[in-house]
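Worksheet for the structure shown next.
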Amino acid sequence: MTEAPFVLDEQLARFELDAARARTSAEVQKLRVDWLGKGHGVVTAFLGLLREVPKDEKGAYGAGVNKLKARVEARLKELEGAAAAEAARAAESARAVDVTLPPRVPAVGRLHPLTVVRRRIEASFRSLGYEVADGPEVESDWYNFESLNFPPDHPARDAVDTFFVKGGGTGRDRLLLRTHTSPVQMRTMLSRKPPIRILCPGRVFRKDDIDPRHLPVFNQIEGLAVDEGITFADLRGTLAAFARTFFGDRAKVRFGPTFFPFVEPGVDVAVSCVLCEQKGCRVCSGSGWIEIMGAGMVHPKVLENGGIDPERYTGFAFGMGVDRIALLLHGLPDLRLLLENDLRFLDRVWSS
Ligand code: DAH
C-alpha cells in the first residue's frame with residue numbers, strides 16, 4: 001500500500017462521520033459543497049494534487065481518489081433522497097388535520113340580556129295581536145305631558161325630573177327628552193283609526209341620581225289597545241295572559257288602585273313572585289308580589305286629544321320597565337350591571 005491511498009481512507013472515514021450528522025436538505029447541501037465543491041471541496045483538492053504525485057504512484061493515488069469520489073457521490077445521493085423524503089413527510093403532516101385536538105371555539109357575540117327580555121315581551125304581545133310602534137326620544141311638552149292630561153303644575157313636569165332641550169322652545173312646543181314611552185300612545189291615536197293594538201319599546205330619560213335602582217336612561221315598553229267595547233276586564237285578561245306567557249303558567253297578577261293622569265281608573269300591576277313561588281324572598285321583599293307595571297283605562301280626555309271619540313271607543317294602556325324586569329328575572333342587585341358590558345357578568349346571565 002502506498003501512502004496516498006491511506007490518506008484517502010482517512011478522508012473517507014472523516015466524510016462518513018460528517019455524513020452521519022447531515023439530516024436536513026440544507027445540511028446535506030453544505031456537505032456536498034464541503035466535499036465536492038469546485039473551489040475548496042476536499043475531493044476536488046485531492047484530485048488537483050494528482051499532478052504532483054510521482055509517476056509510479058499516480059495509478060494507486062488516482063484509483064484511491066476516484067474511490068473516495070464515488071463513495072462521496074453515492075452517499076450524498078442517498079442523503080439527498082432521505083432529506084427530500086423527510087421534507088415531504090413534514091409538509092404532509094403540516095397539512096393534515098389532527099382530529100384529536102380540542103376545538104378552537106370562536107368568540108361569538110350574543111344578544112344583550114335587555115334585548116332578550118325586550119324581545120320576549122314583544123313576542124308575548126305579538127301573540128295577542130299587538131304590533132310594535134315607534135316614536136322619537138326628543139318629544140314636545142304637548143306629547144309627553146299636556147296631551148296625556150298632566151295638569152300644568154304636575155310635579156313630573158318639573159325641571160328637577162325632566163331633561164329639557166336647550167333652546168328647545170316654550171309652552172306646549174318646548175322640547176324635552178321623553179320621560180316615558182306614553183307619548184307614543186298619542187302619536188299612534190293621531191295617526192290611525194281604531195282598532196288599535198300597539199306595543200312601544202324605547203329609551204326614556206329622567207334626571208335621577210345614579211344608584212343601584214336608578215339610572216338617568218332606562219327602557220320602557222308601552223302598550224295601548226283602543227276599540228269599541230273594551231273594558232277593564234279586557235285589561236285584566238290581557239295582562240294576566242302576558243304574565244303567564246312571560247313568567248310561566250303559574251304566574252298570577254294583582255291589581256292595586258293608583259293614579260296616573262292619563263288613565264281612569266289607574267292601577268299598579270304586580271305579578272306573583274316567580275323566584276320564590278310566593279313563599280317570600282329578597283327579590284319580592286317577602287311579600288310574594290312584584291310590581292312590574294302601571295296600567296289603566298285610557299282617560300276620555302286623552303282619547304279626545306288623540307282624535308278618538310270617547311263616546312264610541314274605550315281603551316286601556318300599560319307601561320312597564322324593561323330594566324326592572326331583567327333585574328327580577330336574573331336576580332340582579334344593580335341596574336348598572338346592565339350597562340357596563342362586563343363579560344364576566346354577561347356570561348353569567350347568559351348561562352343562567
Ligand atoms: N308612563 C308611566 C310611567 O312612566 C307608566 C304607565 C302607567 C304607562 C300607566 C301607562 C299606564 O300606559 O296606563 O311611570
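The values are calculated or read from the model by the stated rules, or taken from the named source; none is laboratory data. Fair warning: this is a prediction, and the values are worked out from it, not measured in the lab. Positions of Cβ are backbone-derived with ideal geometry, glycine not excepted, and every protein chain shown enters the neighbour counts.
Only one of these conditions is not met by residue 93: (1) among the polar types (S, T, N, Q); (2) surrounded by fewer than 14 Cβ atoms within 10 Å (Cβ to Cβ); (3) at pLDDT 90 or above. Which number is it?
Of the numbered conditions (1) among the polar types (S, T, N, Q); (2) surrounded by fewer than 14 Cβ atoms within 10 Å (Cβ to Cβ); (3) at pLDDT 90 or above, the odd one out for residue 93 is (3).
Does the stretch 208-215 contain any residue that is out of contact with any strand residue (DSSP E or B) (no Cβ under 6 Å at 6 or more places or on another chain), among the hydrophobic types (A, V, I, L, M, F, W, C) and under 21 Å from residue 118 (Cβ atoms)?
yes
Only residues that are of a type in the set (A, V, I, L, M), within 15 Å of the ligand (Cβ to nearest atom) and in a loop (DSSP other than H, G, I, E, B): list them for the stretch 175-231, please.
Once the filter is applied, which keeps residues that are of a type in the set (A, V, I, L, M), within 15 Å of the ligand (Cβ to nearest atom) and in a loop (DSSP other than H, G, I, E, B), the stretch 175-231 yields 215, 230.
Hand me the list of strands (runs of 3 or more DSSP E) wholly inside the stretch 234-334 holding 1 or more residues that are under 37 Å from the mean Cα position of the chain (by Cα) and under 26 Å from residue 153 (Cβ atoms).
In the stretch 234-334, 263-272, 289-298, 314-321 are the strands (runs of 3 or more DSSP E) which contain 1 or more residues that are under 37 Å from the mean Cα position of the chain (by Cα) and under 26 Å from residue 153 (Cβ atoms).
Among the residues of the stretch 270-277, is there at least one that is over 19 Å from residue 324 (Cα atoms) and more than 16 Å from the ligand (Cβ to nearest atom)?
The answer is no, given that none of the residues of the stretch 270-277 is over 19 Å from residue 324 (Cα atoms) and more than 16 Å from the ligand (Cβ to nearest atom).
List the residue pairs whose Cβ atoms are under 9 Å apart, where the first residue sits in the stretch 64-75 and is free of Cβ contacts under 8 Å to residues at least 40 places away in the same chain, the second is assigned to a helix (DSSP H, G or I) and among the aliphatic types (A, V, I, L, M), and the two are 6 or more positions apart or on different chains.
Once the first residue is free of Cβ contacts under 8 Å to residues at least 40 places away in the same chain and sits in the stretch 64-75, its partners that are assigned to a helix (DSSP H, G or I) and among the aliphatic types (A, V, I, L, M) give 66/47; 69/36; 69/43; 69/47; 73/36; 73/43.
Note down all Cβ pairs under 8 Å where the first residue falls in the stretch 257-271 and is assigned by TED's automatic domain parsing to the domain that holds residue 225 and closer than 20 Å to residue 243 by Cβ, the second is of a type in the set (Asp, Glu) and at pLDDT below 95, and they're at least six residues apart or on different chains.
268/291; 269/291; 270/291
Results for (1) touching a helix residue (DSSP H, G or I) at 6+ places or on another chain (Cβ under 7 Å); (2) exposed (fewer than 11 other Cβ atoms within 10 Å of the Cβ); (3) under 30 Å from residue 346 (Cβ atoms), shown as yes or no for each residue.
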{"residue": "19", "(1), (2), (3)": "yes, no, no"}
{"residue": "34", "(1), (2), (3)": "yes, no, no"}
{"residue": "56", "(1), (2), (3)": "no, yes, no"}
{"residue": "64", "(1), (2), (3)": "yes, no, no"}
{"residue": "70", "(1), (2), (3)": "no, no, no"}
{"residue": "74", "(1), (2), (3)": "no, yes, no"}
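Criterion first (at pLDDT 90 or above, among the aliphatic types (A, V, I, L, M), more than 60 Å from the chain's Cα centre (by Cα) and surrounded by 15 or more Cβ atoms within 10 Å (Cβ to Cβ)) does residue 43 satisfy it?
Judged against the criteria, residue 43 is a match.
From the list 348, 244, which one is of a type in the set (Lys, Arg) and within 22 Å of residue 212 (Cα to Cα)?
Just a single option satisfies the conditions, and that option is 348.
Only one residue in 339, 327, 335 is touching a residue at least 40 places away in the same chain (Cβ under 8 Å), in contact with a Leu (Cβ under 9 Å, 6 or more places away or on another chain), closer than 24 Å to residue 215 by Cβ and away from the ligand (no atom under 16 Å from the Cβ), so which one is that?
Of 339, 327, 335, the one residue that is touching a residue at least 40 places away in the same chain (Cβ under 8 Å), in contact with a Leu (Cβ under 9 Å, 6 or more places away or on another chain), closer than 24 Å to residue 215 by Cβ and away from the ligand (no atom under 16 Å from the Cβ) is 339.
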